[in-house]
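This report concerns only the one structure given below.
The values are calculated or read from the model by the stated rules, or taken from the named source; none is laboratory data. Note that this is a predicted model, so its numbers are computed, not measured. Virtual Cβ from ideal backbone geometry, glycine too; neighbours counted across all protein chains shown. All accessible areas refer to the heavy atoms of the entire protein, side chains included, with ligands and DNA or RNA removed. Shrake-Rupley method; radii C 1.70, N 1.55, O 1.52, S 1.80 Å.
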Amino acid sequence: MIVVIDFGSQFNQLIARRVRENNVYCQVEPSNIPIEKIKALHPEGIILSGGPSSIYEENSPTMDKSLFDLGIPVLGICYGMHYMVHILGGKIKKASKREYGFASLEIKDSDPLFKDMETGFQCWMSHGDSAIELPENFKITASTQNTPIAAIANPEKKFYGLQLHPEVEHSINGSKMIRHFLFDVCKCSENWTMKSFRDGAVAQIKEAVGDKKVIMGLSGGVDSSVAATLIHKAIGKNLFCIFVDNGLLRKNEKQTLEKNLITNLDLNIKFVDAQDKFLTALKGVVDPEKKRKIIGNLFIEVFEAQASEIDGAEFLGQGTLYPDIIESKSAFGGPTSIIKSHHNVGGLPEKMKLKLVEPLQLLFKDEVRKLGTELGINDDLIWRQPFPGPGLAIRIMGEITEKRLNILREADALLLEEIKNAGLYRKLWQSFAVLLPIKSVGVMGDKRTFANCIAIRAVTSNDAMTADWAKLPHDLLGKISNRIINEVENINRVVFDITSKPPGTIEWE
Ligand code: XMP
């Protein structure tokens, strides 16, 4: 395995993913990880990530220097390279001008990272500081026009440094450099596959849970479905899933899930109809935060009541993913870092005295999808776009009524149908309809109308932290608009949201 040391880079998850794409397991650890812990992991190599700090700044992140005495290959990227240069006796200089964007990388000396590469290819740079003096026994292996020391190597110790960012897609040959580090320098083996993960996870769950019962809330999303299927594979009918229908679901959602999860996967699921409860509690509520609180609290209440009917449950299953775990440690870790609670069913495990089973907590989203395929879950479910816990409530601006929910359901279903027909569903992070709290005048069949307005929201994103509005083709937008106005009663206007995140958010509330 490989350990990625987090110096605060926005790209450290990307580094981890690049490693895993090569079927090599890796873990991101905060820079203040004790050296004993690194040793205990027995890594074949260590990657020091980039970061926003400058090496001589007060409070810039550091780590135990004895890392360089372990006899383990090290690759430093950007700040990680500066740190290595600094600790081993070289010098870093604050650049007068930040180098940001593309540069041509000229190979100057032999370096296993550049094996089989022709000199002069595009790489992506983003740095203020640069190395100006190398530690002993290091050589410069590549330069760019603005950065004479763009790559360094100490082949004897197997220490390598890259000023460029090999992990971003824009760096041509970047993935290859990482591959070469893994296989030519660290001599890793390719044994991290979803099949091996599945078998290992099933064995671990069996051992941890034994013949005890696990309860789990299913949302119909990818993560909880895959987690439940995996747990089910390990303990079968001792997994009790609960799906709460809060009345805020999309058109035919419940039927689709029943087909996918019960018919196809044989999960033991109790569907709880709590529509009236939620809609009554939401009556007259227009404030977005109030809506969210009411829905969150009611969910816990309903889930808890159902769970208490399952005698002797000792575990709660959850679909927590690796990015949640990484984000929950602060960039530089340490005892003072704030641990965010990522429990989807907030507070339940403590309150109900349940132990957690979180079998996906080492996986990224794309790996969860691969695991889902390995488990036999069908593509429709695996490639679902995310849907928020509070459901359509935060896509109806203003009061939530049965009538308004139905208008939105119809419009949303048409929109999704057209997005799928256009082959765009998987390319978009999310695409959905929003019902606005305004009415406007229109004319239909020579008659004046005064009806509701739907907004189309479609975004591209990798992680929902940032997002861009999707540049949907005009003819597709036209088709969606026509169909919604013609086929959904009480809609006479459709608008398209062209706001990115930031400054907007993906959802409207
Ligand atoms: P925003 O609107 O904050 O959304 O840009 C980012 C992503 O999170 C989803 N989202 C939620 N998911 N419970 C969830 O499970 C929630 O309360 C919630 N709010 C937003 C949203 O759909 C988007 O993918």
Please work out if A458 is in a strand (DSSP E or B) and farther than 30 Å from R17 by Cα.
no
Within region 162-178, how many residues turn out to be surrounded by fewer than 24 Cβ atoms within 10 Å (Cβ to Cβ) and of a type in the set (D, E, K, R)?
2
Take the residues in region 191-233 that are within 16 Å of the ligand (Cβ to nearest atom) and assigned to a loop (DSSP other than H, G, I, E, B); name whichever of them is most open to solvent (accessible area, probe 1.4 Å).
S219
Name every residue in region 60-82 that is over 19 Å from E156 (Cα atoms) and either among the aromatic types (F, W, Y) or not assigned by TED's automatic domain parsing to the domain that holds H180 (or both), in order of residue number.
Y79
Of those in region 478-509 that are more than 20 Å from I438 (Cβ to Cβ) and open to solvent by less than 50 Å² (accessible area, probe 1.4 Å), the residue nearest to the ligand (Cβ to nearest atom) is I506
Which one of these does A393 not meet: (1) within 14 Å of the ligand (Cβ to nearest atom); (2) free of Cβ contacts under 8 Å to residues at least 12 places away in the same chain?
(2)
Condition check: open to solvent by 30 Å² or more (accessible area, probe 1.4 Å), outside the structural domain of G284 (by TED's automatic domain parsing) and not hydrophobic (A, V, I, L, M, F, W, C). Does R409 satisfy that?
yes
Single residue of K254, K233, K259, K237 found to be farther than 19 Å from N378 by Cα and over 24 Å from the mean Cα position of the chain (by Cα):
K237
Options L282, L363: the member that is within 16 Å of the ligand (Cβ to nearest atom) and either at pLDDT 90 or above or buried (at least 17 other Cβ atoms within 10 Å of the Cβ) (or both):
L282
How about region 374-390: which of its residues are away from the ligand (no atom under 16 Å from the Cβ) and either of a type in the set (D, E, K, R) or over 18 Å from the mean Cα position of the chain (by Cα) (or both)?
E374, L375, G376, I377, N378, D379, D380
Just to verify a result, which residue in region 262-278, among those that are of a type outside the set (D, E), assigned to a loop (DSSP other than H, G, I, E, B) and under 26 Å from D379 (Cα atoms), is least open to solvent (accessible area, probe 1.4 Å)?
L267
Quick one: which residue in A451, A413 is in a helix (DSSP H, G or I), touching a residue at least 40 places away in the same chain (Cβ under 8 Å) and away from the ligand (no atom under 16 Å from the Cβ)?
A413
All but one of (1) without any contact (Cβ under 8 Å) to a residue 24 or more places away in the chain; (2) assigned to a loop (DSSP other than H, G, I, E, B); (3) within 18 Å of L424 (Cα to Cα) hold for L472; which doesn't?
(1)
Every residue from region 14-42 that is of a type in the set (V, I, T) and either exposed (fewer than 15 other Cβ atoms within 10 Å of the Cβ) or touching a Phe, Trp or Tyr at 6+ places or on another chain (Cβ under 9 Å) (or both):
V19, V24, V28, I35
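Which one of F102, F114, F181, F159 is touching a residue at least 60 places away in the same chain (Cβ under 8 Å), of a type in the set (F, W, Y) and open to solvent by 70 Å² or more (accessible area, probe 1.4 Å)?
F102
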